[in-house]
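Have a look at the structure below, then the notes.
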Amino acid sequence: MAFTNRVFSGIKPSGDLHLGNYLGAIRRFVPLQEQMACIYCVVDMHAITVWQDPADLRRWTHEIAAAYIAAGLDPERSIIFNQSQVAQHAELAWVFNCVARMGWMARMTQFKDKAGKNSENVSLGLFAYPSLMAADILLYKATHVPVGEDQKQHLELTRDIAAKFNNDFATSIAAGGHDAEFFPSTEPMIAGPATRVMSLRDGSKKMSKSEISDMATIYLMDDADEIAKKIRKAKTDPEPLPSEAKGLQGRPEASNLVGIYAALSDRDIDDVLREYGGQGFGGFKPALAELAVEVLAPQAAEMRRLVADPGQIDAVLRNGAERAREIAAKTMAEVRDIVGFVR
Ligand code: TRP
């Protein structure tokens, strides 16, 4: 049996959403709804691998759900839910903890970066994080996973876990009448360079929620004035814009602003530079500010409206969780039989 195409992706509720989350993830999720069945998750169980204040966790969960809806994800068509409401994620992750090897996890660069020199003192959950991520994806036998470049290694590990499970349990999988490829080999859909958003104060650092300077990050709840001000004050260099993409090499700030323009207008970088090449930032920044305000400000207003009424968001998440659970329960029942758990 060939797998039907299914998209799964998730965002961690561990900080205020910003333009990087929007261009690298949320905006790319929207058109996929036209092509495949999509499941978009708020991965709250991943968030608690490092300490989260419970009130913040709740607020950020609502914020991500609101951003999904405000950006155009349709909760009728797509499944939108938060991970912890579907217990099968934790259940499958445990089985995967017993399939994956310590050495695989220890090689993960995200773990090494986050643990730093403190690896004896981080949570066990942080170490096992990729195993839970594999469970998120494989519970739904998802074939396509849109993520940023930084998640590539986790997706390779997801494929390794699927292959080892299929192999370790081959006899049992066959006895159950399943296809030998019980779990699919998931395709990563890695975002292009125009969707890698850097800090507005330092073009060599990723835009992030943990920036010291608020001027470095455009938050998805920023209003029109804040968006325009941050773009106006963004760091640049004194040169005019080049007329081709290769002229942006070695100019991280210019490259970032042109990339943001391209992503917000669904154009490619060369196309944007055909229009603005030769102009200085005095002309380009107001055009970028206008575009950013036009795209982002109405969504920010809708997000603010939605988070003011969390009851409505909770209903969406509960409904999504119910539909997710139906798929997840079926996979998990099969996994229980394959593994040899009596039920
Ligand atoms: N690890 C992802 C990130 O930090 C979030 C995530 C968790 C995810 N589970 C997932 C992404 C499943 C895609 C699919 O961005």
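General remarks:
Yes/no matrix, rows are residues, columns are (1) buried (at least 16 other Cβ atoms within 10 Å of the Cβ); (2) aromatic (Phe, Trp, Tyr); (3) farther than 27 Å from residue 74 by Cα; (4) touching a residue at least 40 places away in the same chain (Cβ under 8 Å):
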site: 264; (1), (2), (3), (4): yes, no, no, yes
site: 267; (1), (2), (3), (4): no, no, no, no
site: 270; (1), (2), (3), (4): no, no, yes, no
site: 294; (1), (2), (3), (4): no, no, no, no
site: 315; (1), (2), (3), (4): no, no, no, no
site: 323; (1), (2), (3), (4): yes, no, no, yes
site: 333; (1), (2), (3), (4): no, no, yes, no
site: 338; (1), (2), (3), (4): yes, no, yes, yes
site: 341; (1), (2), (3), (4): no, yes, yes, no
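- Pairs meeting the criteria (first residue in the range 1-22 and of a type in the set (Asp, Glu), second residue more than 10 Å from the ligand (Cβ to nearest atom), beta carbons under 6 Å, at least 6 apart or on different chains) are 16/209; 16/219.
- Residue ID - farthest from residue 89 (Cα to Cα), chosen from residues in the range 116-134 that are more than 21 Å from the chain's Cα centre (by Cα) and in a helix (DSSP H, G or I): 117
- Selection from the range 149-198 of residues that are over 17 Å from residue 332 (Cα atoms), open to solvent by less than 50 Å² (accessible area, probe 1.4 Å) and part of a loop (DSSP other than H, G, I, E, B): 186, 191, 192, 197
- Within the range 214-258, the set of residues being farther than 28 Å from residue 16 by Cα, assigned to a helix (DSSP H, G or I) and in contact (Cβ under 8 Å) with a residue 12 or more places away in the chain comprises 245, 247, 248.
- Residue ID - nearest to the chain's Cα centre (by Cα), chosen from residues in the range 37-48 that are touching a residue at least 60 places away in the same chain (Cβ under 8 Å) and open to solvent by 20 Å² or more (accessible area, probe 1.4 Å): 45
- Once the range 88-146 is narrowed to residues that are within 14 Å of the ligand (Cβ to nearest atom) and charged (D, E, K, R), the residue that is least open to solvent (accessible area, probe 1.4 Å) is 136.
The values are calculated or read from the model by the stated rules, or taken from the named source; none is laboratory data. Note that this is a predicted model, so its numbers are computed, not measured. Cβ sites come from the backbone with ideal geometry, for glycine too, and all protein chains shown count toward neighbours. These accessible areas exclude ligands, DNA and RNA; they are computed on the full protein's heavy atoms, side chains included. Shrake-Rupley method; radii C 1.70, N 1.55, O 1.52, S 1.80 Å.
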